[in-house]
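First comes the structure, then the notes that go with it.
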Amino acid sequence: MINIIKSDLYRILKGKAIYIVLAIIIILTMVSVVGISAGTIGLSFGTGSDTSDVGLATEVNNAKTLGEYRRIIKNSGAFALDKEIIGTNTNLYYFFIVITVIVLATDFSTKSIKNTISSAISRKEYYFSKLLLILGLSTFLILFNNYGAYLLNLIINGKAFSTPLLEFTKLTIIQLPLLYGIISLLVCLAFVFKKVSLFNSISIPLIVVIQIIMISVTNLFKLNITWINDYEIQTALIKLVDSPTNTYIISCIILGVVYCAIFNIIGYYSFKKAEIK
């Protein structure tokens, strides 16, 4: 198992993909910090600077330079921008896809997996070595994103827009179970569908498609299912950094653990019974 992880890690660090991912994270974080607003991919929206006031919205729209825009937002009132940024950590889902592809999915496409499990490596060792490496690299991306945002925000925008480090670390930790659940889902999809093209075509639009289905069903049947919306992944990550109750935190942690267990059971047994060509 250790040898597989070392071999994959060496291959990944020699390639360009991981460094491109890190560069994109830096760029996106810088845009959020300088723009004093977290960007998100999806249909849910977090909290942050309040531009619902008509006068403030007019000022923001009429700002002619970035400096003027920043002055208007800063004068409108301080808020914890770093919390808002990590509240949009669903964006990391797309980087987790890249990690899953370069660690696992390409093995199926290049047929190298057949040689690997034909040797002394069991399918169990192969599965869990890939899972551990994907979780490890994804954890690095989470910490790189979160603490990079924290430091950049502190340097550029100051303490008025920052969270105390200990509280920020707590928020990072309580998001991890749900993020690990997302990662486990991607590992499961990679083992079930095997081909990179099929994996990408399903995984890339998955979160947005689920959100659209939830919104459509809720509106069509006039359902009051706020408890389901509260645990939709993007909404949950936002709520976890926005003064959550202890009950909500525990519920999200349990949900993340359940996701990890279910998706890895499905992924492992699918791989165990699959014919490798």
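Using a cutoff of 8 angstrom between alpha carbon atoms and counting only pairs six or more residues apart, the relative contact order for the chain works out to 28 percent. Across 180, 19, 231, mean-square fluctuation computed from a Gaussian network of the chain (C-alpha pairs under 10 Å connected) peaks at 19.
The residues of the chain have, on average, 51 Å² of accessible surface per residue, using a 1.4 Å probe with all protein chains present. Computed from the Cβ-Cβ distance with R0 of 25 Å, the FRET efficiency linking residue 201 to residue 228 stands at 0.45. Listed by chain and number, the aspartates and glutamates placed with their C-alpha closer than 19 angstrom to that of residue 124 are 8, 107, 275; residues fewer than eight positions away on the same chain are left out.
Placing dummy labels 7 Å off each Cα toward the beta-carbon, the span from residue 143 to residue 208 is 3.2 nm.
Think of segment 79-154 as a dipole: +1 on every Lys or Arg Cβ, -1 on every Asp or Glu Cβ, centred on the Cα centre; then among 153, 92, 132, 132 lies furthest on the positive end. Name the residue from 251, 142, 264 whose Cα lies farthest towards the positive end of the charge dipole of the chain, charges +1 on Cβ of Lys and Arg and -1 on Cβ of Asp and Glu. The residue sitting most towards the positive pole is 264.
Maximal additional length on extending the residue 110-residue 247 stretch stands at 44.7 nm, based on 0.36 nm per residue less the C-alpha distance. Net charge dipole, the chain: roughly 1180 debye, given to the nearest 20, about the Cα centre with Cβ charges of +1 for Lys and Arg and -1 for Asp and Glu.
The alpha carbon centroids of segment 58-80 and segment 254-277 are separated by 48 Å. Dipole magnitude for segment 108-266: about 600 debye, using +1 per Lys or Arg Cβ and -1 per Asp or Glu Cβ, origin at the Cα centre. By definition, a body whose alpha carbon gyration tensor gives a ≥ b ≥ c is oblate when a/c is 1.5 or more and a/b is not larger than b/c, and segment 205-277 fits this oblate description. The apolar share of the surface of segment 154-274, taken as the fraction of accessible area on carbon and sulfur atoms (1.4 Å probe, ligands and nucleic acids excluded), comes to 73 percent. Once the Cα atoms are used to define both axes, helix 165-193 deviates from the longest principal axis of the chain by about 40 degrees. Against the chain, whose longest principal axis is taken from its Cα atoms, helix 17-35 shows a tilt of about 10°.
Rolled with a 1.4 Å probe across the full set of protein chains, the surface gives residue 206 an accessible area near 40 Å².
The values are calculated or read from the model by the stated rules, or taken from the named source; none is laboratory data. Fair warning: this is a prediction, and the values are worked out from it, not measured in the lab. Note that we place each Cβ from the backbone using ideal geometry, even for glycine, and neighbour counts take in every protein chain shown. Remember, those area values only see protein heavy atoms, side chains included, never the ligands or the DNA or RNA. Shrake-Rupley method; radii C 1.70, N 1.55, O 1.52, S 1.80 Å.
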